[in-house]
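These notes are about the structure you will find just below.
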Number of protein chains: 4
Amino acid sequence: MFTAPSSPKPAQPATPKRERRKEARPGELLNAAMDLFVEKGFAATRAEEVAVRAGVSKGTLFLYFQSKEELFKAVVRENISGVFPKWNAEFEAFQGSSAEMLHYAMQQWWEHLGATRASGITKLVMAEAHNFPEITAFFQQEVMLPGHTLIRRILQRGIDAGEFRPMNLDYAIYAVLAPMVFLNMSCHSEGLCQSPGFTLVPEDYISSQADIIVHGMLAPPGTRP
Amino acid sequence: MFTAPSSPKPAQPATPKRERRKEARPGELLNAAMDLFVEKGFAATRAEEVAVRAGVSKGTLFLYFQSKEELFKAVVRENISGVFPKWNAEFEAFQGSSAEMLHYAMQQWWEHLGATRASGITKLVMAEAHNFPEITAFFQQEVMLPGHTLIRRILQRGIDAGEFRPMNLDYAIYAVLAPMVFLNMSCHSEGLCQSPGFTLVPEDYISSQADIIVHGMLAPPGTRP
Amino acid sequence: MFTAPSSPKPAQPATPKRERRKEARPGELLNAAMDLFVEKGFAATRAEEVAVRAGVSKGTLFLYFQSKEELFKAVVRENISGVFPKWNAEFEAFQGSSAEMLHYAMQQWWEHLGATRASGITKLVMAEAHNFPEITAFFQQEVMLPGHTLIRRILQRGIDAGEFRPMNLDYAIYAVLAPMVFLNMSCHSEGLCQSPGFTLVPEDYISSQADIIVHGMLAPPGTRP
Amino acid sequence: MFTAPSSPKPAQPATPKRERRKEARPGELLNAAMDLFVEKGFAATRAEEVAVRAGVSKGTLFLYFQSKEELFKAVVRENISGVFPKWNAEFEAFQGSSAEMLHYAMQQWWEHLGATRASGITKLVMAEAHNFPEITAFFQQEVMLPGHTLIRRILQRGIDAGEFRPMNLDYAIYAVLAPMVFLNMSCHSEGLCQSPGFTLVPEDYISSQADIIVHGMLAPPGTRP
DNA sequence: GATGAATGAGACTTCATTCAT
DNA sequence: TATGAATGAAGTCTCATTCAT
């Protein structure tokens, strides 16, 4: 599912381990691995840690996943899926101005992706892109491309309505994408991107960026509808 | 391509073992380290590999750099930190409008950092931030903070002149930073961030983003100087 | 000879690779470590050597002992520290005179520590004290201090009974300790401390030293009980 | 010389290095090495440190001494020689009782050996005896044996005079030797041999030990001269 | 002779992966 | 199927020793 569930504690305390049905194992491992990869990165996550958090032994991990790399790939694949159909539908039905739509889209992104574990996946993929070309291609197709497309349609809608000025959309979409990707990285980079002494509030960040972008794209006052 | 060409092998003419070149060593090691760090990341780059590529032995590396982390810091100082004094001086002397200044600054960034191997360093630090807190802190202090400060001063200059509208600079600086960081990641993520079939031209990307941001920040026409 | 025979090779019957013997491992490792530490010193003993002599791989050693220092501490606990509780109990229950007790204590020391491989540990700690402060502190706490305390209690008992003359115990305990430490060093110094042509018999040495010390501490004949 | 000079600072500040005559080099190296070996032990002393303290380069050290081991041997050989002739002469001329003589001898030992750098050599040799059999034999012949002999003569004198009771001198000499060797080790073992919270005063230690030993050896009151 | 840059054999320790049970 | 004891390749850094200058 897209709205990534915040990871539940690995074990049901009341139920003895023996009871857990084996078909649940891969899911539990994936869940634990997700948490740890996001938290510590690929290299720094030890296989045994994943196993322990999933409540199984180290050996069992390798029973289900050929290697740590395969586990990584599975984690990424497992956690990617589509909010995009829903978002596309919302786009079709949206009634307000394109400026409002842009604000709304970025807020939604934060709420349903940026603020969830899913953002950790994005960070992970960007960080490890070099080592996993296959994953990279997969992620691009499944996530980045639909995102690009949706942003493009929003901007096109504004231009068509005379609300936004004409722009080369191939580049303009990055004006929307960049602030979100940046926030994503920022949230997973230990404060690297932030000024010391200032704690960024994501919602404020989103609205301030949307504000500047929208202003930057609006058609001159006299020509707007 | 925007990744600068990796430096060629140091050209071992014949069998010049045990050459004494105290002056040249640090530079050669730094160059080799830069290449490898960018290519493979910090953790995955082995000290000996750096030494071999620089044409020296493992021990020699540690003769010049106390540890792998110190080597990395030296790479950063050599390749990134150095631009800020020059940029700050240019800022002081700049004659044109703040809009022009913003355009100019982003172009300069691309030319002197984004387009060079140095951009790979930024990518790597973001990717591995979690695992090397000391490096993260160093990079933030040495690179991110001066960058933040410079952007802030540019925006403040525009606001003071009545050219830009009043904004909360704590957030506004990210409107400038985000597109650059995004481009940076994009260049080092194996096409992950780009639409298939469209090859982004960095210079065009920069100018289009600068254009949108500047528009987004300009004061309303009647109130401008 | 007073150096206990070094334990024979663990008898690899044929090719029993990857044997699982969780229970036996620590003991085997401890035994091998003891041998090697005594034979070569702490610094000069390589972890892998210990592992090989115990018939396991390098990694296995670190499965059971966190570090080389911890391994050493475990060797000390296993082979030395353990005697003090028993000795303290014997002290409490002892019926004879304090002179007898002193003789007995020194004989016991020889029998259970001096004549065993454990004496090599004491020698080694003294020799390498400077380079391993943590080990030194540990050994002082775990071995020297209980030894001091026991000797002090024996002497105090004699004084209290009027059997020994009053003495400053802070110094008097060394009269008991010194001959034992000396014998210890002597046994592990390749004959350095002995006259050529005369082979010291440890039991005779102990009894002669005890005799002199006891005489030296006895209260004047008229005042004794 | 026997009374080892406390090591002078390695360089004459006023005189440029160039001036130092080369024939003094080995001596300076030996002196520096002595200090460092005593201070840090054999393994922990780095060749370069010795060279630096002697005011020469690392390479020069190996010009004069084939290896670190050879340097060690040279240090020991250089620093051992005779107080014993002088002491033997004092023994012949001594007028007081043998009890006094024993006290006096132990005090002299402390003053002229125990308290000087020479004691560091003894400690060193005992610690490394195993690794340098040749040194060990040399030290035994040159130092231990004359010491044994002198002690034996003192005790024999006391027995002959009826002052001391008859004893097996082969063992009795250790009653005198052990406290001195122990003090020696104690001074070079980082407090290993001392109770925490009590700082041993060497002169008091010596006199208290001598007191106990003398008491322990005295003939019964009625039979003394 | 003297220098000090360069070398490279190790040392300890970690951890992905295997495999006997 | 599951376990977890066992493995051993890597990795960073040190330092005695060599040798070009």
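The values are calculated or read from the model by the stated rules, or taken from the named source; none is laboratory data. Fair warning: this is a prediction, and the values are worked out from it, not measured in the lab. As a convention, Cβ positions derive from the backbone with ideal geometry for all residues, glycine included, and neighbour counts pool all protein chains shown.
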Practice problem: Quick one: in the range D:58-105, of everything that is within 8 Å of DNA strand F (Cβ to nearest atom) and small (Gly, Ala, Ser), which residue is surrounded by the fewest Cβ atoms within 10 Å (Cβ to Cβ)? | Solution: D:Gly59
Quiz prompt | Only listed residue being more than 7 Å from chain D (Cβ to nearest Cβ) and among the polar types (S, T, N, Q), chosen from C:Gln156, C:Gln140 | solution = C:Gln156
Quiz item: Does A:Met185 satisfy the criteria of being buried (at least 20 other Cβ atoms within 10 Å of the Cβ), closer than 30 Å to B:Glu128 by Cβ and more than 8 Å from chain B (Cβ to nearest Cβ)?
Solution: no
Quiz prompt | Members of the range A:31-53 found to be more than 9 Å from DNA strand F (Cβ to nearest atom), of a type in the set (Gly, Ala, Ser) and over 16 Å from A:Leu124 (Cα atoms), listed by number | solution = A:Ala47
Quiz item: Would you pick out the residues in the range A:159-182 that are assigned to a helix (DSSP H, G or I), at the interface with another protein chain (Cβ under 8 Å from one of its Cβ atoms) and farther than 30 Å from A:Phe37 by Cα?
Solution: A:Asp170, A:Tyr171, A:Ala172
Quiz item: Which residues, taken from the range B:156-172, are closer than 23 Å to A:Pro202 by Cα and buried (at least 22 other Cβ atoms within 10 Å of the Cβ)?
Solution: B:Ala172
Quiz item: Of (1) within 7 Å of another protein chain (Cβ to nearest Cβ); (2) part of a loop (DSSP other than H, G, I, E, B), B:Gly197 satisfies all except one. Which?
Solution: (1)
Exercise. Could you run through the range B:129-139 and say how many residues are surrounded by 22 or more Cβ atoms within 10 Å (Cβ to Cβ) and either farther than 11 Å from A:Ala127 by Cα or of a type in the set (D, E, K, R) (or both)?
Key: 1
Quiz prompt | Matching helices (runs of 4 or more DSSP H) fully within the range A:29-102 where at least 2 residues are away from DNA strand E (no atom under 11 Å from the Cβ), more than 23 Å from the chain's Cα centre (by Cα) and within 14 Å of chain B (Cβ to nearest Cβ) | solution = none
Quiz prompt | Residue list for the range D:103-128, filter: within 14 Å of another protein chain (Cβ to nearest Cβ) and of a type in the set (Lys, Arg) | solution = D:Lys123
Quiz item: When A:Gly191 is evaluated against the numbered criteria (1) surrounded by 22 or more Cβ atoms within 10 Å (Cβ to Cβ); (2) at positive phi, which criterion, by number, is the only one it fails?
Solution: (1)
Quiz prompt | Filter result for C:Ala127 (of a type in the set (Gly, Ala, Ser) and at pLDDT below 95) | solution = yes
Quiz item: Could you list, in sequence order, the residues of the range D:200-221 that are more than 7 Å from every other protein chain (Cβ to nearest Cβ) and either part of a helix (DSSP H, G or I) or in contact with a strand residue (DSSP E or B) (Cβ under 9 Å, 6 or more places away or on another chain) (or both)?
Solution: D:Pro202, D:Glu203, D:Ile206, D:Ser207, D:Ala210, D:Asp211, D:Val214, D:Leu218, D:Ala219, D:Pro221
Quiz item: Taking interchain pairs and intrachain pairs at least six residues apart, which have beta carbon atoms under 9 angstrom, with the first residue in the range B:150-170 and of a type in the set (D, E, K, R) and the second surrounded by fewer than 16 Cβ atoms within 10 Å (Cβ to Cβ) and outside any helix (DSSP H, G or I)?
Solution: B:Arg157/B:Phe94; B:Glu163/B:Arg224; B:Glu163/B:Pro225; B:Arg165/B:Pro220; B:Asp170/A:Phe198
Quiz item: Any idea how many residues of the range B:152-188 are under 18 Å from B:Ala99 (Cβ atoms) and of a type outside the set (Asp, Glu)?
Solution: 22
